[in-house]
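Taking it in order: structure first as structure tokens, then the write-up.
Laboratory data are not the source of any read-out in this text; all were calculated from the coordinates shown. Just so we're clear, the structure is a prediction, and the values are computed from it rather than from any experiment. Every residue, glycine as well, gets a Cβ built from its backbone with ideal geometry; the counts of neighbours run over all protein chains shown.
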Amino acid sequence: MASGGSGTDGVQRVRVAVVGTGFGGLGAAIRLRAEGIDDFVVLERAESVGGTWRDNSYPGCACDVPSHLYSFSFAPNPEWPRTFSGQPDIRAYLEQVTDRHGIRPWIRFGHEVRSARWDTGTARWQISTSRGEFSAQVLVSACGPLSDPQIPDLPGLDAFPGEVFHSARWNHDYDLRGKRVAVVGTGASAIQFVPEIQKQVGRLVLFQRTPPWVMNRMDRDITGLERAVYRRVPAVQKALRGALWTVREAQVGAFTKRPAVLQLTEKLALANLRRHVKDPVLRAKLTPDYRFGCKRVLLSNSYYPALAQPNVEVVAAGLREVRGSTVVGADGSEHEVDAIVFGTGFHVTDLPVAEHITGAAGHTLAEEWKDGMAALRGTTVAGFPNLLFVIGPNTGLGNSSMVLMIESQLNYLADFLRKLDATGAAALDPTRSAQLRWNDAVQRRMTRTVWNTGGCRSWYLDGRGNNTVLWPGTTAHFRRETRTVDLSEYDRITVEN
Ligand SMILES: Cc1cc2nc3c(=O)[nH]c(=O)nc-3n(C[C@H](O)[C@H](O)[C@H](O)COP(=O)(O)OP(=O)(O)OC[C@H]3O[C@@H](n4cnc5c(N)ncnc54)[C@H](O)[C@@H]3O)c2cc1C
């Protein structure tokens, strides 16, 4: 049973504290139980599980990696209704996984982690939440790379008299029908919700700093017959997952080593644009001037057709300021609107959780990472003993399922706990030299990738132009690198009793 009783000081002591209940945190909880560890707690600031798939409920929200690959390997779902399932189905899947694996008793909803401080004396994490204190030997941060929405600091926005919200906090009470709406951003979320709201709004002004590369999405209903086959013959679903995975692994080299190969795909994407957008002026605005793949490639069959509708105007510039109910583009154009919807992404290279975690030397992870995020094998950070990330620096993917990376990091977590036991150490702290070696190798490989050489400025790059977000290799390569913990990369910390 869920454990870790409160001491007389009201502090609940556990072996492991996991933060977050998205794919990462839920996967960690399930893995801990599979390893025979019951002495843990999962801290979640919201009131339900799901992470990304709870918070992003905008119209049209769906995965852009096929559902049969974008799910846990240990929890295949024969019932996926579409090849790229929508948010309600992915959220329901995560709720089902939570129940089927019986991990709900370990979850503490409404517990926002406000600070986590490493106590050198006891070699434990002292964790302060909005609803109580915890002490843990090991802290697992599964707070998500895309969980804190980013809204640009725009002059005049505070005084805008209309409705303002971010796509990750969609206001379903606001009726968009007939309204004049400004949409800011043309990333993965915007291209999903723009075609949906275009049908309802009176007028839509889309502020685009950089046009994305857009390819068709092979989306379709999965038939009842197919689902029955997956239910009765799980090997068929497994084989499909294997095939989806293989295709994506085969694409990686083009992104990481031979970006020139992508010219071929550029031609296909441009043909797609020509097919849907006949107006040459609009087409010019929507034509990317950087290499395919440099920014995340977006999949949609309805984005271009929506932009070609008469109630849509594309402003090929960012939003500069807001004057009363008028939004002003960086090109000087002015548009009076009733609502502004931001599809402007998340705090990725400036993770908010880093502000709240204080390591052995007394400084925060945000201070440690002031020159850029870095971790050993994307998971542990020198000077922050017994802290493990699920989706840490350089573990993101451009073209495949993040769940594959999460499951690799869970292997590493399981071995980390085994090695802690085996060595009898109170804590393991990665050495600076091991962390440096790892990150130097990652950044060396990064120099050849399309993300660094493709001539764009994406959210993968931090303020210094370093890509500290993506993994420059295959998921199989990362799986091998995180299979076990190499103790030569760690200092052992013991405490005197
Ligand atoms: C719209 C959208 C579509 C996406 N589509 C895909 C896709 O198709 N394929 C793909 O591979 N990836 C996709 N991603 C990336 C996606 O984020 C990851 O695949 C995955 O869902 C991340 O899981 P996670 O558990 O790491 O983080 P999250 O799902 O973000 O969960 C983090 C959890 O931590 C909680 N939390 C954060 N801070 C605190 C705190 N201080 N205290 C307590 N709790 C906290 C949050 O409330 C949240 O529940 C998409 C992302 C978005 C936003």
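Summary of computed values
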quantity: Paired Rg and Dmax values of the chain, which use every Cα atom, in angstrom; calculated: 23.3, 76
quantity: Alpha carbon convex hull of the range 401-497, volume per residue in cubic angstrom; calculated: 129 Å³
quantity: Environment charge of residue 44, counting only residues whose C-beta is closer than 15 Å and scoring Lys/Arg +1, Asp/Glu -1; calculated: +2
quantity: Spin-label model distance (nm) - residue 347 vs residue 151, 7 Å beyond Cα toward Cβ; calculated: 1.4 nm
quantity: Sorted peptide list for 110-123, 127-140, criterion being average Cβ within 10 angstrom, highest first; calculated: 127-140, 110-123
quantity: Proxy reagent accessibility, fewest Cβ within 10 Å first, across 13, 82; calculated: 82, 13
quantity: Long-range HN-HN contacts of residue 470 with modeled amide H, under 5 Å; calculated: 394, 396
quantity: The range 316-387: radius of gyration over Cα atoms, expressed as a fraction of 2.2 N^0.38 Å; calculated: 1.75
quantity: Percent antiparallel among DSSP beta bridges (both partners in the chain, rounded to 5); calculated: 45 percent
quantity: Cα-based Rg of the range 201-302 normalised by 2.2 N^0.38 Å, two decimals; calculated: 1.41
quantity: Length added when fully stretched, residue 258-residue 172, from 0.36 nm per residue minus Cα-Cα; calculated: 26.6 nm
quantity: Cysteines without a disulfide-compatible partner [the chain; Cβ-Cβ under 4.7 Å]; calculated: 61, 63, 143
quantity: Residue exposure sequence - 395, 453 - by fewest surrounding Cβ within 10 Å; calculated: 453, 395
quantity: Label-to-label distance, nm, for residues given as residue 278 and residue 114 (7 Å Cα→Cβ offset); calculated: 6.1 nm
quantity: Lysines with Cα under 18 Å of residue 199, excluding same-chain neighbours fewer than 8 positions away; calculated: 179
quantity: Relative contact order for the chain, counting Cα pairs under 8 Å that sit 6 or more residues apart, in percent; calculated: 19 percent
quantity: Relative contact order computed over the range 67-186 (Cα-Cα under 8 Å; 6+ residues apart), in percent; calculated: 10 percent
quantity: Residues with amide H under 5 Å from that of residue 381, placed H, sequence gap 5 or more; calculated: 376, 387
quantity: Distance violations [Cα-Cα > 29 Å] among 257/419; 238/419; 295/370; calculated: 257/419; 238/419
quantity: Extension gain from residue 476 to residue 96, taking 0.36 nm per residue of separation minus the Cα-Cα distance; calculated: 134.0 nm
quantity: J(HN,Hα) series, the range 17-22, from Karplus relation 6.51 cos²θ - 1.76 cosθ + 1.60, nearest Hz, glycine and proline x; calculated: 10, 9, 10, x, 10, x
quantity: FRET efficiency, residue 220 to residue 47 (Cβ-Cβ, R0 25 Å, nearest 0.05); calculated: 0.15
quantity: Point-to-point label distance, residue 229-residue 133, nm (Cα→Cβ direction, 7 Å offset); calculated: 5.9 nm
quantity: Fewest-first sequence of 295, 267, 199, 179 by Cβ atoms within 10 Å of each Cβ; calculated: 267, 199, 179, 295
quantity: Linear extension gain, residue 246 paired with residue 333, 0.36 nm per residue minus alpha-carbon span; calculated: 26.6 nm
quantity: Largest to smallest principal axis extent of the C-alpha atoms in the range 186-252, angstrom; calculated: 49, 32, 14
quantity: Residues listed by number, the range 197-217, amide nitrogen under 14 Å from residue 301 label point at 7 Å toward C-beta; calculated: 215-217
quantity: The range 98-182 - Rg over Rh from alpha carbon coordinates, Kirkwood radius; calculated: 1.14
quantity: Highest to lowest packing among 153-163, 422-432, scored as the average C-beta count within 10 Å; calculated: 422-432, 153-163
quantity: Estimated 222 nm signal from helices in the chain, with DSSP H stretches of n ≥ 4 weighted -39500 (n - 2.57), rounded to 500; calculated: -9000 deg cm²/dmol
